[in-house]
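Please treat every number below as a calculation from the coordinates, not as lab data. Because the structure is a prediction, the values reported are computed rather than measured. Positions of Cβ are generated from backbone atoms using ideal geometry, with glycine treated the same way; all protein chains shown enter the neighbour counts.
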Amino acid sequence: MDAWNQLRRLTTARIALGRSGGSLPTRERLQFQLAHARARDAVVAPFDAEEFAARLRLLTPKVFVVNSAATDRAEFLRRPDLGRSLAPESRKRLANIASQLPPFDVAIIVSDGLSAHAVATQCEPLLAALLPLVRGSGWTLAPLAVARHGRVALQDEIGSLLKARLTVMLLGERPGLGSADSLGVYFTYSPGPGKRDADRNCVSNIREGGLAIAHAAAKLHYLLARAFQLRLSGVQIKDDSAGLPGPDQATLPQP
């Protein structure tokens, strides 16, 4: 058991839990139930898109809110396909906005996904670290979109309407028993209808205890630069950044 206890100090995985007779100790049983409750709460927690958009305007002034085709949280969970497309009124409004704007290099979308708690906790500090890197690279940035009940593929329709060369979507990841607040970032070069998961890249597990904010922003910026350089995204991009920085470092070698 001593060897297992040493390993337990190195991981949040449930190992070396001990036993009471033929069962888990009461403490471990209660901790499991608490983690499960937190994961369930993260999935069903409401997302105030308008309030969150107001907070993001402190980082970038141009922010608008759209709805996916899922009308509420319950429908979003039952019908993943509805979270991948815009509601008709949002599509029309976004098309009107885009008709008055030039094409952009980058369009950023934020959505609750499967954990509004992850978005509320990780999104603002990540954008605060990422946006200066995007602007410093000279990339033009579209107005930021906040989407209710969005899935990853929603970025394709939004990016296509905004005439963006590349879309970046931040959304809450499916909660685990030890990570109910994990944020994922997906990006797609040349977004539009017909894009597949193989056409995207993902930087995941952004949270305290996972991938640190500064490291995530630097890694994402490096990969975006690679996507622009190669004019593609997905499985054809390899993370060839040598000597990744520690969590306290905010830059990676430029491609």
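Observations on the model:
- Proportion of all alpha-carbon pairs of the range 44-115 beyond 15 Å (%): 62
- Ratio Rg/Rh [Cα only; Rh per Kirkwood] for the range 99-210: 0.97
- Rg(Cα)/(2.2 N^0.38 Å) for the range 150-236, N = residue count: 1.10
- Ellipsoid semi-axes for the chain, based on the Cα gyration tensor and the rule √(5λ), read 34, 23, 15 Å when sorted largest first.
- Positive-end residue of L24, N5, V63, charge dipole of the range 1-83 with Cβ unit charges: N5
- Cross-link reach list, lysines versus K92, counting only Cα pairs under 18 Å and skipping chain neighbours closer than eight places: K163
- Relative protection proxy for 170-176, 49-55, from highest mean packing down: 170-176, 49-55 (other beta-carbon atoms within 10 angstrom).
- Packing-based ranking of 157-163, 209-215 yields 157-163, 209-215, ordered from highest to lowest mean Cβ neighbour count within 10 Å.
- Full extension of the segment from E89 to L30, taken as 0.36 nm per residue of separation minus the current Cα-Cα distance, would add 16.7 nm.
- On the principal axes of its alpha-carbon atoms, the range 10-143 has extents of 70, 36, 23 Å, going from largest to smallest.
- Three-way shape label, the range 67-157, alpha-carbon gyration tensor, a/c 1.5: oblate
- The helix-based estimate of mean residue ellipticity at 222 nm for the chain, built from -39,500 (n - 2.57) per DSSP H run of four or more residues and divided by its residue count, is -11000 deg cm²/dmol to the nearest 500.
- Over the range 199-242, the reciprocal of the mean inverse Cα-Cα separation, the Kirkwood hydrodynamic radius, stands at 11.1 Å.
- On the beta carbon distance between R9 and R57, with R0 = 35 Å, the FRET formula returns roughly 0.25.
- Top positive-direction residue, dipole computed over the chain with Cβ charges, set V146, G178, P191: P191
- For peptides 97-105, 61-69, sequence by mean Cβ density within 10 Å, most packed first: 61-69, 97-105
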